[in-house]
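Structure, as structure tokens:
The values are calculated or read from the model by the stated rules, or taken from the named source; none is laboratory data. Because the structure is predicted, anything quoted here is derived from the model rather than measured. Because the Cβ atoms are built from the backbone with ideal geometry, glycine has one as well, and the counts that use them run over all protein chains shown. Heads up: the accessible areas ignore ligands, DNA and RNA and are worked out on the full protein's heavy atoms, side chains in. Shrake-Rupley method; radii C 1.70, N 1.55, O 1.52, S 1.80 Å.
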Amino acid sequence: MDEFWNEYPIVKNDLEEVIKIMNKNIKCKEKLVENAILELINSGGKLLRPAFLLIAARFGVFKEEEVYHMAAVLEMLHMATLVHDDIVDDSKLRRGTETIQAKYGKDYAVYIGDFLFCRCFKILSEHSTLKNIKVDSNVMSRICMGEIEQFSSKYNKRVSVRKYLKRISAKTAELFSLSFYSGAMASGCDDRLRRKLSNIGHNIGMAFQIIDDILDYTGDEMIVGKSIGIDIKQGIYTLPLIYALEKKNISLSSILDKDSYDENDIKGIADIVKEYRGIEKSKALAERYTKRAFNLINTLPDTENKNTLLKTTEKLLVRFY
């Protein structure tokens, strides 16, 4: 487990229980599949989504059996989307290690992602309500549509800030929002508190994705855990570049019109993005979402759990960029 949670023993202990449930539920006769998923579980991810579900659940009556299984489902859903994303993006690195599709091939990666989805809904059928299954299914549909929109808008120089925000709301913020909502629902929080926690998750997710996109221009590959400049090479135009494209720079357009980009092209794009304050503007927008999250968190009941949420959100959204 990532050292991110070392300062929060209650959350860390909860996550260890969640990992046990995941390990139990990915067992299968095909050991290559099982071992590949075990590698993914133990690859050092922060387990943010299950952790936020666990934190949200402590604002109500914490029911271990249901909450731990719901948290396991959230992380396994997330893992499945990552496995499939890496196939589409032909990514070689994830969390600083070789991706499943790079190590085992795209065919196996498709099956492994599908297997994870199946296991998620098996757990839901045994430990959740029909209403929760419906909520999870709707969120997964929106995540898929966000990914489809991103794919269909590749190399599109006319993509707007508004369309970008709609995209990341679907592909990233939805699952953060679901994490908080599911935790609150499982612990019997009232509707007002469920909606507030869900909104906190949305704002954290939006800020998190914008920061992640900034890191594609400014990050250190060893710290970030993935190749730098990969979005640009794949024609995925994120917020820093979208801001720069608004300036109608001829040099930028001519580079982007190439069939492929070498390292000099990537550096040239990054330099123009910085020149036109694309990174600076993106940071400002991430800070707005971060501020909204903190404002909402500050209205929550005054408990140690609230302090944990404040500290972990600050730790997460003040990153190396």
Would you check which residues across segment 286-314 are part of a helix (DSSP H, G or I), under 24 Å from I10 (Cα atoms) and open to solvent by less than 70 Å² (accessible area, probe 1.4 Å) and list them? A293, F294, L296, I297, N305, K306, N307, T308, L309, L310, T312, T313
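Conditions (1) at pLDDT below 95; (2) touching a helix residue (DSSP H, G or I) at 6+ places or on another chain (Cβ under 7 Å), marked per residue:
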residue	(1), (2)
M1	yes, yes
E16	no, no
K20	no, no
L40	yes, yes
G44	yes, no
F59	no, yes
A71	no, yes
K92	yes, yes
K103	yes, no
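Could you list, in sequence order, the residues of segment 134-157 that are free of Cβ contacts under 8 Å to residues at least 60 places away in the same chain and either under 23 Å from I19 (Cβ atoms) or open to solvent by 50 Å² or more (accessible area, probe 1.4 Å) (or both)? Walk me through it before giving the result.
Residues of segment 134-157 that are free of Cβ contacts under 8 Å to residues at least 60 places away in the same chain, as a first pass: 134-135, 137-139, 141-142, 144-146, 148-149, 152.
K134, N138, V139, S141, R142, C144, M145, I148, S152 - these are the residues of segment 134-157 that are free of Cβ contacts under 8 Å to residues at least 60 places away in the same chain and either under 23 Å from I19 (Cβ atoms) or open to solvent by 50 Å² or more (accessible area, probe 1.4 Å) (or both).
Can you name the residue in segment 101-130 that is polar (S, T, N, Q) and crowded, with 18+ Cβ neighbours inside 10 Å and, of all such residues, is nearest to I41 (Cα to Cα)? Let's see the steps before the verdict.
As a first pass, look at segment 101-130 and keep what is polar (S, T, N, Q): 101, 125, 128-129.
Narrowing further to those that are crowded, with 18+ Cβ neighbours inside 10 Å: 101, 128.
On the way: Q101: 15, S128: 22 Å.
Taking the candidates together, the pick is Q101.
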Can you work out which of the residues in segment 1-23 that are assigned to a loop (DSSP other than H, G, I, E, B) and not acidic (D, E) is surrounded by the fewest Cβ atoms within 10 Å (Cβ to Cβ)? N6
Failed condition for K274, given (1) in contact with a Lys or Arg (Cβ under 9 Å, 6 or more places away or on another chain); (2) open to solvent by 80 Å² or more (accessible area, probe 1.4 Å); (3) assigned to a helix (DSSP H, G or I), with all others met? (1)
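Name the residues in segment 85-100 that are of a type in the set (S, T, N, Q) and open to solvent by 30 Å² or more (accessible area, probe 1.4 Å), would you?
Once the filter is applied, which keeps residues that are of a type in the set (S, T, N, Q) and open to solvent by 30 Å² or more (accessible area, probe 1.4 Å), segment 85-100 yields only T97.
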Subset tally (residues that are open to solvent by 70 Å² or more (accessible area, probe 1.4 Å), under 15 Å from R158 (Cα atoms) and either aliphatic (A, V, I, L, M) or assigned to a helix (DSSP H, G or I) (or both)) for segment 231-266: 1
Considering only segment 106-119, I want to know if a residue exists there that is outside any helix (DSSP H, G or I) and either out of contact with any Asp or Glu (no Cβ under 7 Å at 6 or more places or on another chain) or at pLDDT below 90 (or both). no
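In this structure, is A80 touching an Asp or Glu at 6+ places or on another chain (Cβ under 9 Å), over 30 Å from S282 (Cα atoms), touching a residue at least 24 places away in the same chain (Cβ under 8 Å) and open to solvent by less than 30 Å² (accessible area, probe 1.4 Å)? Quick ask: steps written out before the conclusion?
Numbers: touching an Asp or Glu at 6+ places or on another chain (Cβ under 9 Å): yes; over 30 Å from S282 (Cα atoms): no; touching a residue at least 24 places away in the same chain (Cβ under 8 Å): yes; open to solvent by less than 30 Å² (accessible area, probe 1.4 Å): yes.
No: the conditions fail for A80.
Tell me which residues, restricted to segment 159-177, are among the hydroxyl-bearing types (S, T, Y), under 16 Å from L241 (Cα atoms) and open to solvent by 10 Å² or more (accessible area, probe 1.4 Å).
Pass one, segment 159-177, residues among the hydroxyl-bearing types (S, T, Y): 160, 164, 169, 172, 177.
Of the ones still in play, those that are also under 16 Å from L241 (Cα atoms) are 160, 164.
Scanning segment 159-177 gives a single hit, S160.
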With respect to the numbered conditions (1) farther than 13 Å from L40 by Cβ; (2) in a helix (DSSP H, G or I); (3) in contact (Cβ under 8 Å) with a residue 60 or more places away in the chain, which one is the sole condition not fulfilled by S91? (2)
I'd like the full set of residues that are touching a residue at least 40 places away in the same chain (Cβ under 8 Å), part of a helix (DSSP H, G or I) and of a type in the set (A, V, I, L, M, F, W, C), limited to segment 24-41. L32, V33, A36, I37, L40
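Could you tell me whether V73 is under 22 Å from the mean Cα position of the chain (by Cα) and part of a helix (DSSP H, G or I)? Please lay out each step first, then the result.
Details: under 22 Å from the mean Cα position of the chain (by Cα): yes; part of a helix (DSSP H, G or I): yes.
When the stated conditions are applied, V73 passes them.
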